[in-house]
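These notes concern the structure reproduced below.
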There are 2 protein chains.
Amino acid sequence: MASSRILIIGGTGSIGRYVAKASIANGHPTFVLVRDSTASNPEKAQLLESFKASGITLLHGSLDNYASLLEAIKLVDVVICTVGAAQIADQFNIISTIKEVGSIKRFLPSEFGNVVEKEIGLDPVKSMYQLKAKVRRTIEAEGIPHTYISSNYFAGHFIPSLGQSGLTAPPRDKVVILGDGNAKAVFVVEEDVATYTIKAVNDPRTLNKILYMRLPANTLSVNELVGLWENKIGKTLDKLYVPEEQVIKSIQDTQDFLLSLYHSTFVQGNQTNFEIGANGVEATQLYPEVKYTTVDEYLNQFV
Amino acid sequence: MASSRILIIGGTGSIGRYVAKASIANGHPTFVLVRDSTASNPEKAQLLESFKASGITLLHGSLDNYASLLEAIKLVDVVICTVGAAQIADQFNIISTIKEVGSIKRFLPSEFGNVVEKEIGLDPVKSMYQLKAKVRRTIEAEGIPHTYISSNYFAGHFIPSLGQSGLTAPPRDKVVILGDGNAKAVFVVEEDVATYTIKAVNDPRTLNKILYMRLPANTLSVNELVGLWENKIGKTLDKLYVPEEQVIKSIQDTQDFLLSLYHSTFVQGNQTNFEIGANGVEATQLYPEVKYTTVDEYLNQFV
């Protein structure tokens, strides 16, 4: 495929860094918009150094600085936004700037998560879905060529805890399972999210479509995920199942974001409980050549 | 101060990597126990490369491989364990091996969190506190020279979300505050946790003591933390206060780990609601030369 000039907004974030690296590694002239190219945070400074070493061009600017955004967007063919939850609404600035520039061949707004089209889930996650859906409707109303990346769960965020909050490695004694643990979710390693995303940017099959990632080996219920882990450590965990009505009551009482996200995916099954329609394509079907990391392989690092 | 030979167990984890880098940067011959020195995960592989480049020696082994643990511990004067929540119980293996070797001058078990001595908090976090307390009692019963690092909250985990679950950057519209938001917690940037930890390893003042990190500028209530953020973005957030009884009910219903941790610290105030006793010392008092990163500075990266 031909190379595109790609701008990544949010390129130092938890998924953006992988997208930026995949972009330059695949030969696309790659630009990352950064507020401060001499970050005081040592980890971030190291990341920016590795960007520069790999040939990525750092552009000084930010979402709320119109002139910087305009200048950056004028330089490229493709804009990929990877900002986090707190900045989803700022994307309306990007849309109006892309409209003004008029030459962008593809815009990928910051989705990188779950299905947002349907009226699903409970607040607070429901409001986030609605905001992302509103971003989609605005892109379409402006006639901007686009691809929506529906990548489901980042492995790094959701596998280590086996679907619980606050753990960075899988538990070895007991596990809390929301609902009956049978709804299936999809887990995708960050590098693979980035690989599929970069393959999509100038693929005519993904133009104005939703790219769903439904990796067959990584489409698992929490019960199955826990079972994989139990096999690895040769031990059966105690399981506490929390009835859905208790989960719902707690979400309503505490407005806990993560709990509402877990409920939507691990209890309601909103990542997998629908057929992909005419407006969607599936990543492993479009790109069967990608050897993705399986959940089973991913879990080995924690044994 | 003289240099010590330091072994870090859990050195590739979220705090261990900073401790390992601080150790070698301060001139201590540094060893990290790793299960697999050729990690398939690219991020981890990069971390291991940076360890080697900085002069850290990688030792092949793991907590559940007795021979490897014995061999590693024989090489050093100081053992620092930084394993995560799921492996706290495995530290009894380290204790018995240290006892057997007999020459370790200081052991720092994996604490790097909150106060664990008192009967505080609700399950599931309460069980974790009790397990860490049991590790302490075992170390003392075996007569192993030790320092307990009570570093309170890692900035990277707890500041970006302003004390909520599932967010990686501070919210810009509304914030959920558990309880009345007035209990004070302490936030310490990971690099500073590591700096204080390495200063403590051969300091006679920290021998058989708890090293508390109570950084004056970083001891803040959630209300104060939100206020700092509001000042930075020039906007007042909507605040939803969740009464403590609702928080408690939700913890009991869902056994949500993070919620029980937040309740212990942000509602009950268990990081700061006591005086440091004769068995404790405070990091900024022992090491006033350390210029720690303030929460206020840390928040700048998200503006």
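Bear in mind these aren't lab numbers, they're just calculated from the coordinates by the rules spelled out. Everything numeric here is computed off the predicted structure, so don't read it as measured data. Virtual Cβ from ideal backbone geometry, glycine too; neighbours counted across all protein chains shown.
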- Item | Cα-based Lys pair tally, the stretch B:20-170, threshold under 26 Å, eight or more apart or on separate chains | 20
- Once amide hydrogens are built 1.01 Å from N within the peptide plane, the residues lying 5 or more places from B:A183 or on another chain with amide H under 5 Å from its amide H are B:V222
- Task: Work out the FRET efficiency for B:Y241 and A:S14 from their Cβ-Cβ distance, taking R0 = 35 Å, and round it to the nearest 0.05.
- Result: 0.75
- Amide H contacts under 5 Å for A:Y241, restricted to residues at least 5 apart in sequence or on another chain and with H modeled in the peptide plane, are A:I177
- Task: Go through A:A89, A:A133, A:G10 and say which Cα lies farthest out towards the positive end of the charge dipole of the stretch A:10-136; charges sit on Cβ, +1 for Lys and Arg, -1 for Asp and Glu.
- Result: A:A133
- Give me the distance in nm between label points sitting 7 Å out from Cα along the Cα-to-Cβ direction at A:E230 and B:N273, one decimal. 3.8 nm
- Can you pull the percent of Cα pairs in the protein assembly as shown with separation above 49 Å? 9 percent
- Message: Calculate the FRET efficiency for A:L70 and B:S103 from the Cβ-Cβ distance with a Förster distance of 51 Å, rounded to the nearest 0.05.
- Response: 0.20
- Projected area averaged over all directions for the convex hull of the alpha carbon atoms of the stretch A:12-71, nm², comes out at 4.1 nm²
- Message: With +1 assigned to the C-beta of every Lys and Arg and -1 to the C-beta of every Asp and Glu, and no other charges, what is the dipole magnitude of the stretch A:118-230 about the Cα centre in debye, to the nearest 20?
- Response: 340 debye
- Integer Hz, Karplus 6.51/-1.76/1.60 couplings in order for the stretch B:172-178, x for Gly and Pro: 10, 10, 9, 9, 9, 10, 7
- With only Lys, Arg, Asp and Glu charged, each at its Cβ (+1 for the first two, -1 for the last two), find how big the charge dipole of chain B is about the Cα centre; round to the nearest 20 debye. 540 debye
- Query: In the Gaussian network model of chain A, springs joining C-alpha atoms below 10 Å, which of A:G181, A:G11, A:G227 carries the largest mean-square fluctuation?
  - Reply: A:G227
- Message: Can you compute the equivalent ellipsoid semi-axes for chain B, i.e. the square root of 5 times each eigenvalue of the Cα gyration tensor, sorted largest first and rounded to whole Å?
- Response: 33, 21, 19
- Item | Helical mean residue ellipticity (222 nm; -39500 (n - 2.57) per DSSP H run of 4+; nearest 500) of chain A | -10500 deg cm²/dmol
- Query: Computed FRET efficiency, Cβ-Cβ of B:Q46 and B:Q301, R0 30 Å: what is it to the nearest 0.05?
  - Reply: 0.90
- With springs only between Cα atoms under 10 Å apart, run a GNM on chain A and tell me which of A:N152, A:N26, A:N270 wobbles the most. A:N26
- Have a look at A:I198, A:V226, A:V247 and report the one farthest towards the positive end of the charge dipole of the stretch A:188-264, computed about the Cα centre with Cβ charges (Lys/Arg +1, Asp/Glu -1). A:I198
- Reciprocal of mean inverse Cα separation for the stretch A:197-303 (Kirkwood radius, Å): 16.7 Å
- Query: Hey, got the dipole for the stretch A:73-137? About the Cα centre, +1 on K and R Cβ, -1 on D and E Cβ, debye to the nearest 20?
  - Reply: 180 debye
